[in-house]
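Just below is one structure, and these are the notes that go with it.
The values are calculated or read from the model by the stated rules, or taken from the named source; none is laboratory data. In this text, all values refer to a predicted model and were calculated from it rather than measured experimentally. Here the Cβ is made from the backbone with ideal geometry for all residues, glycine too, and neighbour counts use every protein chain on show. All accessible areas refer to the heavy atoms of the entire protein, side chains included, with ligands and DNA or RNA removed. Shrake-Rupley method; radii C 1.70, N 1.55, O 1.52, S 1.80 Å.
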Amino acid sequence: MRRHEGQQLRLVPVHGPPFAEVRVNPASTLILGRSAACNVQLSDPAVSRRHASLSCPGGTWLVTDLESRTGVLLNALPVAPEAPSPLSDLDLLTIGPWILRVHLGVSTGPSKQTVSVGPDRLDPGERVDPVPRRELRSLARRRLDLLIDCASSINAAPSQTAFARAIVEAAHKGTGFPRAAVFRLAGEDVEMLAETGEPFADDTFSRTLIQTAAAGQVARLRHDTPATHHDSTARLGLQAAICAPIKVGGVVDAFLYLDDRGRDTRSASKIEPDAAGFCEAICRVGGLALANQRRASLERLNAEIMHDVGAAAEAQRLLMPKPDGRCHGVSYSMRMKPGHFVAGDLFNILPLDGGRVGVYLGDVAGKGVGAAILMATTQTMLNAALRTTDSPASALNAIEPELAPMLPGGRFISLWVGIIDPASRTVRFVDAGHGHWLVRESAEAAPALLSTVGGLPLGIDPDARYHDETVRLGPTGRIVLLSDGVPEQRAYDGSEFGIVRTIETLATCATAHEDVERLFDAVLGYAATEALDDDVTIASIGFERNPPPP
């Protein structure tokens with residue numbers, strides 16, 4: 001199994017049609033969409049065939065909108081198409097009619113305080129009903145200053161814990177209720193974020209009250225008839241309770257709950273008549289503050305990631321040769337397009353002693369910055385090894401024992417490496433698990449696959465030994481090297497570009513430059529998007545008509 005520093009991710013349904021909780025390991029990439037080929041199939045017209053992906057390159061979970069028709073919302077904010085956005089614990093992800101909460105990591109114990117939601121405790125004479133809007137708007141002017149002060153403390157809260165504490169204290173101060181809590185629902189339980197007054201314990205919440213608030217309205221428990229000692233609320237010492245939703249982008253994210261348990265009825269303190277309206281106002285302020293807090297955190301994390309990605313991409317460009325060039329009587333053309341900002345593909349062509357030319361193309365398993373770093377490391381080691389030998393196999397045998405221990409578990413590098421002798425027009429090569437290359441023996445000959453012995457990709461077996469093979473080309477012959485992003489690129493219907501379509505595209509090309517441009521344009525046209533499934537690299541190498549002497 002591939003080793004990964006990221007946390008497991010869980011998607012827990014909050015709203016929408018029935019949806020089973022999904023767990024994803026950081027080594028996996030999850031595709032959500034309407035197509036049966038997706039890891040998670042969401043059968044709804046508002047969901048595209050391939051709608052969104054979740055991946056964890058470098059230990060950070062990212063959500064990517066795969067250019068869906070209706071988009072992806074992260075905490076009620078649109079995710080830019082094909083721009084991976086980082087996910088944080090408790091984020092809300094909206095895809096079509098589904099709202100899913102993100103949970104990162106696997107709990108190994110009761111790290112968060114949870115209590116159970118009790119059975120319906122409504123007795124004869126009790127009822128739970130939504131508070132009328134006209135009452136919610138009846139805040140007295142004399143309490144406006146208090147609301148403004150509370151709003152200021154809520155907006156200044158630096159973290160979610162501080163935010164929940166500010167909500168609780170504001171509600172307690174502004175309503176007269178002796179006991180208050182802010183919580184989230186965690187399945188059938190309640191995850192406490194902050195509380196004040198007499199501690200809350202199991203079965204002290206009314207399920208009906210929470211269900212009413214979960215529909216998006218402030219809910220209030222009150223009595224139509226005096227409570228008796230047989231009533232459940234009387235046994236708990238309750239005469240009144242309020243549950244108000246805290247919404248982020250129209251979605252209920254948490255709840256504010258207040259009740260009068262522990263209130264001394266002999267004291268002068270009393271529950272304010274506009275307590276429900278005050279609670280709603282506080283929760284609206286809290287929802288806006290929480291949305292702003294998450295937006296700012298997302299923007300900071302995005303900026304950090306894009307800065308690092310930009311630096312990695314620039315370093316990668318410095319390692320690559322020019323798109324077209326000549327080297328010791330060999331001409332070449334190449335083009336590369338990363339699938340995710342930076343590529344895990346490696347390509348180089350370099351002069352060697354005796355007029356020979358080294359060339360290689362490979363693919364690091366995985367995507368993103370981690371694959372790009374491994375690509376750069378492998379390229380540096382391989383350049384040095386090729387300059388000290390006339391055998392590709394000897395170069396790989398030299399670096400494999402050193403490279404394999406450096407690769408994280410499950411990572412490997414497929415590679416084609418060759419040494420070209422322009423004088424004899426021979427190519428000594430090793431195909432180390434790559435397989436994606438074609439030979440054109442002459443300009444008139446059709447490109448064809450070559451049957452080879454090959455070997456394992458690098459990183460699988462430190463004791464693996466590689467052996468040279470040889471192919472001879474005519475004066476106008478060429479070798480075309482591809483990364484697996486070419487044949488494996490999918491169209492909208494999920495079908496792959498394939499090696500047959502690759503050969504047909506190259507059939508009438510007359511030059512190395514034409515090989516690369518025509519095939520690259522064909523892959524982009526097949527994908528019908530600039531956002532490709534994987535890194536794509538194409539290189540075509542041939543001989544100059546009158547090569548210079550070595």
Once you have the Cα-Cα distance between Arg127 and Glu198, take 0.36 nm times their residue separation minus that, and quote the gain in nm to one decimal. 23.2 nm
Starting from the residue with the highest accessible area, list Arg127, Arg478, Arg465 in decreasing order, probe 1.4 Å. Arg465, Arg127, Arg478
Taking a label point 7 Å from the Cα of Glu191 along Cα-to-Cβ, the residues of the range 150-170 whose backbone nitrogen sits under 19 Å from it are 158-168
If you count, for each residue, the other Cβ atoms within 10 Å and average over each peptide, how do 95-101, 507-513, 156-162, 420-426 line up from highest to lowest? 95-101, 420-426, 507-513, 156-162
How much FRET efficiency would the formula 1/(1 + (r/R0)^6) give for Asp461 and Ser297, where r is the Cβ-Cβ distance and R0 is 45 Å, rounded to 0.05? 0.55
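So if each residue of separation counts as 0.36 nm, and I subtract the Cα-Cα distance between Met320 and Leu524, what length gain in nm does that give? Intermediate results must be reported in sequence, preceding the final value.
On the way: separation 204, 0.36 × 204 = 73.44 nm, distance 2.15 nm.
Here the answer is 71.3 nm.
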Efficiency of FRET between Ala36 and Glu67 - r from beta-carbon atoms, R0 22 angstrom, step 0.05: 0.65
Calculate, in whole percent, how much of the Cα-Cα pair population of the range 468-543 lies beyond 16 Å. 49 percent
For labels at Ala423 and Arg284 in the simple 7 Å Cα→Cβ model, what's the distance in nm? 8.6 nm
Mean projected area in nm² (Cα convex hull; one quarter of hull surface) for the range 1-108: 6.7 nm²
Inter-label distance, nm, simple model (7 Å from Cα along the C-beta direction), Arg23/Glu272: 4.6 nm
Among 15-21, 289-295, 327-333, how do they line up from the highest to the lowest mean number of other beta-carbon atoms within 10 Å? 327-333, 289-295, 15-21
Descending packing, highest mean Cβ count within 10 Å first, for 29-36, 204-211 is 204-211, 29-36
Dipole of the range 433-507, positive direction: furthest Cα of Leu458, Gly435, Gly477, with charges on the beta-carbon: Gly477
Could you run the Karplus curve 6.51 cos²θ - 1.76 cosθ + 1.60 with θ = phi - 60° over the range 278-287 and give me ³J(HN,Hα) per residue in whole Hz, x for Gly and Pro? 5, 4, 5, 4, 4, 5, 5, 4, x, x
How do Ser391, Ser153 rank by accessible surface area computed with a 1.4 Å probe, from largest to smallest? Ser153, Ser391
